[in-house]
1. Pairs of Cα atoms under 8 Å, at least six residues apart: use those to get the relative contact order of the chain, whole percent.
2. Using 0.36 nm times the number of residues separating HIS139 and GLU78, minus their current alpha carbon distance, what extension gain do you get?
3. Hey, what do the phi angles of the range 22-34 turn into as Karplus ³J(HN,Hα) couplings, whole Hz, using 6.51/-1.76/1.60 and θ = phi - 60°, x for Gly and Pro?
4. What full-extension length gain, to one decimal in nm, is calculated for LEU55 and ILE118 as 0.36 nm per residue of separation minus the Cα-Cα distance?
5. With a ≥ b ≥ c the root eigenvalues of the C-alpha gyration tensor of the range 5-77, is it rounded (a/c under 1.5), prolate (a/b larger than b/c) or oblate?
6. Could you calculate the contour length gain from ASN43 to ASP30, that is, 0.36 nm times the residue separation minus the distance between their Cα atoms, to one decimal place in nm?
7. About its Cα centre, how strong a charge dipole does the chain have in debye, to the nearest 20, once Lys and Arg get +1 and Asp and Glu get -1 at the Cβ?
8. When only alpha-carbon atoms are used, what values of Rg and Dmax, in angstrom, describe the chain?
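Throughout, read-outs are computed from the coordinates displayed, never taken from laboratory work. Because the structure is a prediction, the values reported are computed rather than measured. Glycine also receives a Cβ, built like all others from the backbone with ideal geometry; neighbour counts cover every protein chain displayed.
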Amino acid sequence: MAIRTVREIGDPVLNKISKEVKEITPRVQDLIDDMFETMYESNGVGLAAVQVGVLKRIVVIDTTGEDPVLLINPRILEESGEQEGNEACLSVPGKAGSVKRPNYVKVEAQDEDLNTFIIEGEELVARALCHEIEHLDGHLYVERVEGPLFDVEPEEED
């Protein structure tokens with residue numbers, strides 16, 4: 001496993017659409033392992049493959065530090081409610097901003113064996129799911145910020 005360099009805002013790869021994963025090769029498995037290690041080393045709660053420069057539809061999330069989730073080819077099936085809160089991103093270091101998101105989401109994804117499963121989340125989990133899945137379509141949370149970005153300490157970023 002290795003820590004990968006997180007691409008930062010302004011890097012054109014972050015605005016590209018990621019491609020579907022059709023098979024789990026040793027390279028894809030190494031990427032997944034590296035993504036988890038990079039996310040934890042960076043004190044994040046989520047990371048999309050595009051953030052480490054790989055245009056594959058892969059997301060890792062862990063909102064508690066004890067519950068890692070791998071999502072391959074995720075797509076949002078349902079969303080409801082609304083929440084507003086501050087978001088940050090490893091690709092936008094040192095900044096955060098207020099973003100409205102659904103309070104509940106239901107996502108279909110595949111696991112490391114490409115078996116389909118459903119994950120549901122509320123509050124922070126819903127926010128993380130939406131945030132990371134948007135990365136796969138070339139979007140950053142700053143496109144949704146209401147009001148100005150503000151400075152944050154690095155340990156607050158996700």
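1. Numbers: 348 pairs, mean separation 42.0, N = 158.
27 percent.
2. Taking 0.36 nm per residue and subtracting the Cα distance, the gain is 20.0 nm.
3. Karplus values, whole Hz, x for Gly and Pro: 9, 8, 9, 8, x, 5, 5, 5, 4, 4, 4, 4, 5.
4. Working: separation 63, 0.36 × 63 = 22.68 nm, distance 2.27 nm.
Additional length available on full extension: 20.4 nm.
5. Values: a/c = 1.39, a/b = 1.10, b/c = 1.26.
Note, shape of the range 5-77 comes out rounded.
6. Details: separation 13, 0.36 × 13 = 4.68 nm, distance 1.99 nm.
Full extension of this stretch gives 2.7 nm more.
7. On the way: 15 positive and 35 negative charges, 157 e Å.
I would put it at about 760 debye.
8. Just the Cα atoms of the chain yield Rg and Dmax of 14.4, 43 Å.
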